[in-house]
1. Fewest first, what order do 297, 311 take by the number of other Cβ atoms within 10 Å?
2. Please identify which residues in region 263-302 have an amide N closer than 16 Å to a label point set 7 Å out from the Cα of residue 349, following the Cα→Cβ vector.
3. Quick one: Kirkwood hydrodynamic radius for region 1-132, alpha-carbon pairs, angstrom, one decimal?
4. Pop the C-beta distance of residue 444 and residue 111 into the FRET formula with R0 = 56 Å and round what comes out to the nearest 0.05.
5. For a footprinting-style exposure proxy, rank 124, 454, 140, 428 by other Cβ within 10 Å, fewest first.
6. Across the chain, what fraction of all alpha-carbon pairs, as a whole percent, falls in each successive 20 Å bin from zero upward?
7. Which value, in Å³ per residue, describes the convex hull spanned by the Cα atoms of region 290-414?
8. Suppose R0 equals 41 Å. What FRET efficiency, 1/(1 + (r/R0)^6) with r the Cβ-Cβ distance, do residue 7 and residue 424 give to the nearest 0.05?
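What follows draws every value from the coordinates through simple rules; no lab data is involved. None of the values given here were measured: they were computed from a predicted structure. Neighbour counts run over all protein chains shown; Cβ positions are idealised from the backbone, glycine included.
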């Protein structure tokens, strides 16, 4: 059930109406819980059992961890939670990947092994709800939050449909207190929530799908056929497509939750206006980057054990972050490149070459453009299906003599939209969408929302594209 579908609009309208009509807070939570499980069942009904198993197991284990005073028993219970959750994630998401690579390694050793066909469907959103659930168990183990919530409250935290299948990865310490106590819903909250949904769908349906996707898909399907102009348009276009697609989903999720009175954290903060790679990761997919920082990088030692260990921790974190996106060496390569960038940036700062963020406008903009270009080029292995395709894209970037074969209109529209996106983020990098929208008068706000709705209407009616991060 896609956010950008009429089916979801119908579903959301019914759940919102029933939620508002429910007389008590427990009954309102029950409406949301049932609605969330129905939402997930619409993807693949049997996989509801996996969600229910993971939820129940972590809730029980967290209660035992919280009550225990024996360090070894608490650690064993945490390991059981980690093993069960990551085991399920590994089986469904990486089972086929491990079998295929095992076969290749054995073949290189002269051992013939034909693995069985791996036709198991990946449960949608398993990476997101696994990380959300693990945050609860780990925080309870660290004595940062108590394990006092009811099973129904915890089940709603894990399964709440706005963030269930593609985030943001909302942590228990933030959402559980909101679920526990009744939420007062104001008209302003609902109005701003629906505005965010409208803006998010515009980013997805119009900018990502209608403007960028045709150019990107055409070039990446046959990268050896295109010259420099077309290839650059596709590479820049994917940078815009993945940002507008995923940030559009995040805006929808935040807006939908707000309609029920729940507040989610921002997941993007104008990342293409970043001044350096650490700044980029403070602005891109914030819920994942902070999760990896708090539950992986810092436990590995962070930057507390010397420069060499810091660089190793950065690389491991980014390699695992890349692999989190999918069972492919291309994702590992993408994560590894970002690990190299972060380590090199940290080394340069240690050498005194980048101790402060530039304050003069021209160098600051120059650093932003440099960061954007490197991040954009690094999206190539993320999007390309193979290293051969990466090589063809790289060759195409310098194939100046080959004339453009893409249509003039889609080519120019894609390039102009990319430039406009970058300029917009440069201008508002230290602001927020809510602040920028609030600066508009009532007439301008109405015009902006109307323009978004018209764009969504004009771009609807064709194939409904799933959000890119649904596959992760």
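1. On the way: 297 22, 311 18.
In increasing order of surrounding Cβ atoms, one gets 311, 297.
2. In region 263-302, the label zone of residue 349 (backbone N under 16 Å from the point 7 Å along Cα→Cβ) covers 274-284, 290, 293-294, 297-298, 302.
3. Values: mean 1/r = 0.0549 Å⁻¹.
Hydrodynamic radius (Kirkwood, Cα pairs) of region 1-132 is 18.2 Å.
4. Details: r = 68 Å, r/R0 = 1.22.
Here the calculated transfer efficiency is 0.25.
5. On the way: 124 20, 454 12, 140 26, 428 15.
So the ranking, lowest neighbour count to highest, is 454, 428, 124, 140.
6. Once binned at 20 Å, the Cα pair distances of the chain give 21, 56, 22, 1.
7. Values: hull volume 21.2 nm³, N = 125.
Looking at region 290-414, the number lands at 169 Å³ per residue.
8. Details: r = 32 Å, r/R0 = 0.78.
The calculated FRET efficiency here is 0.80.
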